[in-house]
Amino acid sequence: GQQLNQSPQSMFIQEGEDVSMNCTSSSIFNTWLWYKQDPGEGPVLLIALYKAGELTSNGRLTAQFGITRKDSFLNISASIPSDVGIYFCAGQGGAQKLVFGQGTRLTINP
Amino acid sequence: GAVVSQHPSRVICKSGTSVKIECRSLDFQATTMFWYRQFPKQSLMLMATSNEGSKATYEQGVEKDKFLINHASLTLSTLTVTSAHPEDSSFYICSARPGLGGTNEKLFFGSGTQLSVL
């Protein structure tokens, strides 16, 4: 089945630093989504990407849908303490189901 | 934005009992809802796709008689964990997609249910 490789698995950064994480797939996806999950909560949608090459921003977050449709990245600029959490990429292919990456756990040192 | 309400947020039950989890889309209709299971520090694993008015579609390895899904209306899906055992303890999350059949709609998640079976 389809699988997503998300990296890095964890990040330890200083407040104010920029963050970059990405997902790659062996399969083509029609949609890429990026979510953030806080402990004990469900994932919250951050950015949705629908077209290859699309670059979308949401405040300090920027994500891009790779040209090959097999990858996507998420950047966070000028990180703040509330950015702490687990970030998941998710891809949607021909069926309506989403496939999730393994997650990137972000820790920020003040 | 679209809101998905999941209840209860936490449940503790004895082994052998059944537990029902509700997932409601509060401000939109959804013909399809999804149920996920998440173990600590792991990603979300799709268990089943809940279709309004028809039988749910289960992923490989998920027992349909163990995890009963009912999607009786366009705003409500329920997951019942029958005869729960300690290995069923997990974080269960539902999600729903606004719209009636579109494939490019965003997926919104409930806040999850932490099930602990003693």
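Side notes on the structure shown:
- For B:Ser89, the residues 5 or more places off, or on other chains, whose built amide H falls under 5 Å of its own are B:Val117.
- Percent RCO, i.e. relative contact order, over segment B:28-85, from Cα pairs under 8 Å lying at least 6 residues apart: 28
- Label zone at A:Ser7, where the point sits 7 Å out along the Cα-to-Cβ direction: segment A:22-64 residues whose backbone N lies under 14 Å: A:22-26
- If R0 is taken as 41 Å, the Cβ-Cβ distance between A:Ser77 and B:Ser83 corresponds to a FRET efficiency of 0.25.
- Each of A:Ile86, B:Ile21, A:Trp34 was scored by the projection of its Cα onto the charge dipole of the protein assembly as shown, and the greatest displacement toward the positive side belongs to B:Ile21; charges sit on the C-beta of Lys, Arg, Asp and Glu.
- log₁₀ of I(q)/I(0) at q = 0.08, 0.10 Å⁻¹ - the protein assembly as shown, Debye sum with one point per alpha carbon: -0.29, -0.45
- For chain A: relative contact order, % (alpha-carbon pairs under 8 angstrom, 6 or more apart): 37
- Sulfur and carbon atoms: percent of accessible area, chain B [1.4 Å]: 50
- Using a Gaussian network model of chain A in which every pair of alpha carbons under 10 angstrom is joined by a spring, one finds that among A:Gly93, A:Gly66, A:Gly40 the greatest mean-square fluctuation is at A:Gly40.
- Filtered GluC sites (Glu not before Pro), segment B:1-96: DSSP coil and at most 13 other beta carbons within 10 Å: B:Glu63
- Alpha carbon centroid spacing (whole Å) that separates segment A:14-52 from segment A:63-108: 2
- Delta accessible area of at least 50 Å² on complex formation, residues of segment A:40-58, 1.4 Å probe, chain isolated as reference: A:Pro43, A:Leu45, A:Tyr50
- The Cα atoms of chain A give a gyration tensor whose axes a ≥ b ≥ c have a/c of 1.5 or more with a/b greater than b/c, which makes the shape prolate.
- For chain B, a Kirkwood hydrodynamic radius built from all Cα pairs, placed in the Stokes-Einstein relation at 25 °C and 0.890 mPa s, yields a translational diffusion coefficient of 173 µm²/s.
- Local electrostatic count at A:Ser72 - Lys and Arg +1, Asp and Glu -1, tallied over other residues with Cβ under 14 Å: +1
- Per residue, the protein assembly as shown exposes an accessible area of 47 Å² to a 1.4 Å probe, with every protein chain left in place.
- Annotation for segment A:1-80: trypsin sites (Lys or Arg not before Pro) lying in DSSP loop with at most 13 further Cβ atoms inside 10 Å of their Cβ are A:Lys51.
- Student exercise, the protein assembly as shown dipole from Lys, Arg, Asp, Glu Cβ charges, in Debye to nearest 20: 380
- Buried solvent-accessible surface, both chains (B, A), 1.4 Å probe, Å² to nearest 100: 1700
- Relative contact order %, chain B, counting alpha carbon pairs below 8 Å whose residues are six or more apart: 37
- Other residues whose C-beta falls under 13 angstrom from the C-beta of A:Cys23 contribute a net charge of +1, scoring Lys and Arg +1 and Asp and Glu -1.
- In chain B, taking the dipole from charged Cβ atoms about the Cα centre, the farthest positive-side position among B:Phe34, B:Ala84, B:Ile69 is held by B:Ala84.
The values are calculated or read from the model by the stated rules, or taken from the named source; none is laboratory data. This one's a predicted model, so the numbers in the text were calculated from it and none came from an experiment. Don't worry about glycine lacking a Cβ; one is built from the backbone with ideal geometry, like all the others, and counts go over all protein chains shown. Heads up: the accessible areas ignore ligands, DNA and RNA and are worked out on the full protein's heavy atoms, side chains in. Shrake-Rupley method; radii C 1.70, N 1.55, O 1.52, S 1.80 Å.
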